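Contents: one structure, followed by commentary.
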Amino acid sequence: MVPVLVILGWQWASSTGAISPSILPPPSKVLATADQLWTAGELQKHLTVSLRRILIGFSLGASIGLVLGFVVGLSRIAEGLVDRTLQMLRALPHLALVPLLIAAFGIGELPKVVLVTLGVIFPVYLNTVAGIRTVDPKLVQLGESYGLGRGARIRDIIVPGAMPMILTGIRYALGVAWLTLVIAETIATSEGIGFLAQNGRDMLRNDRIVLAILLYAVAGLLADQITRLIEARVLRWNPHYQGGNR
């Protein structure tokens, strides 16, 4: 009910002049703009481009983060060799690399995908390592005493035990991915939801800017809900994820 009440209050405030429509257009105006852009085929194009960037960047970043997280989480030697270097890289604000990436790769798709990838790697990596390290060692020892090999212990004990933290990292990384894309698409681009906002600013069309913000919000919400559904299915053995407790 809260989003509905917010939209109703927003419509009332804009219609009565409590909020200047030139600053914050009413939802009816934003909806009309969305319908106009959809009819022209422009909105679908921007949505498709942004979703493609997110899917590619997130898939690459999550895969790299998972691999590094499992390697470091399962091996003290790998931790000594890799973790400190990764922590140094994590301290660098990846959005500050925008000028360098544009200078190196131009204004095409690659800089935007690389930025999203960099934003996703570290949340997934840190939560994967933390999840593996929080698995009860007694469970691992119990599996070993029952004759489970290393691969079986990882598959049947460590992965399920670490999965809540891993999925939390993935949910957080999705938010970072969309935040990164917002910045990437407002700099040197001609397509995407961010370009729609930038174009609205150039044309003094606040309805387009608000529409872009709402599209980002809805996309982030849908991504989070999909992750929750995956959590409920993958962690159905966990009582905290049963019976609608999430």
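Odds and ends about this structure:
- Qualifying residue in the range 113-123 (condition: among the aromatic types (Phe, Trp, Tyr), at negative phi and either touching a Cys at 6+ places or on another chain (Cβ under 9 Å) or open to solvent by less than 20 Å² (accessible area, probe 1.4 Å) (or both)): no
- Total residues in the range 89-131 satisfying the condition of being at pLDDT 85 or above and of a type in the set (A, V, I, L, M): the figure is 12.
- Residue 169 open to solvent by 20 Å² or more (accessible area, probe 1.4 Å), within 15 Å of residue 119 (Cβ to Cβ) and either assigned to a helix (DSSP H, G or I) or in contact (Cβ under 8 Å) with a residue 12 or more places away in the chain (or both): no
- All positions within the range 35-47 that are over 24 Å from the mean Cα position of the chain (by Cα) and open to solvent by less than 20 Å² (accessible area, probe 1.4 Å): 37
- Of all the listed residues (75, 63, 50), the sole one being loosely packed, with under 15 Cβ neighbours inside 10 Å, within 23 Å of the chain's Cα centre (by Cα) and at pLDDT 85 or above is 63.
- Some residue of the range 204-224 being assigned to a helix (DSSP H, G or I) and farther than 21 Å from residue 3 by Cα: no
- Test result for residue 193, more than 21 Å from residue 95 (Cβ to Cβ) and either surrounded by 18 or more Cβ atoms within 10 Å (Cβ to Cβ) or in contact with a Pro (Cβ under 9 Å, 6 or more places away or on another chain) (or both): no
- Qualifying position, being open to solvent by 30 Å² or more (accessible area, probe 1.4 Å), in contact (Cβ under 8 Å) with a residue 12 or more places away in the chain and of a type outside the set (Val, Ile, Thr), among 144, 185, 109: 109
- Any hit, the range 197-211, residues being within 15 Å of the chain's Cα centre (by Cα), open to solvent by less than 50 Å² (accessible area, probe 1.4 Å) and under 28 Å from residue 105 (Cβ atoms): no
- Test result for residue 64, part of a helix (DSSP H, G or I) and of a type in the set (Val, Ile, Thr): yes
The values are calculated or read from the model by the stated rules, or taken from the named source; none is laboratory data. What you are looking at is a predicted structure, and each value in this text was computed from that prediction instead of being measured. In this analysis, Cβ positions are derived from the backbone assuming ideal geometry, glycine residues included, and neighbour counts consider all displayed protein chains. For accessibility, only protein heavy atoms count, side chains too; no ligands or nucleic acids. Shrake-Rupley method; radii C 1.70, N 1.55, O 1.52, S 1.80 Å.
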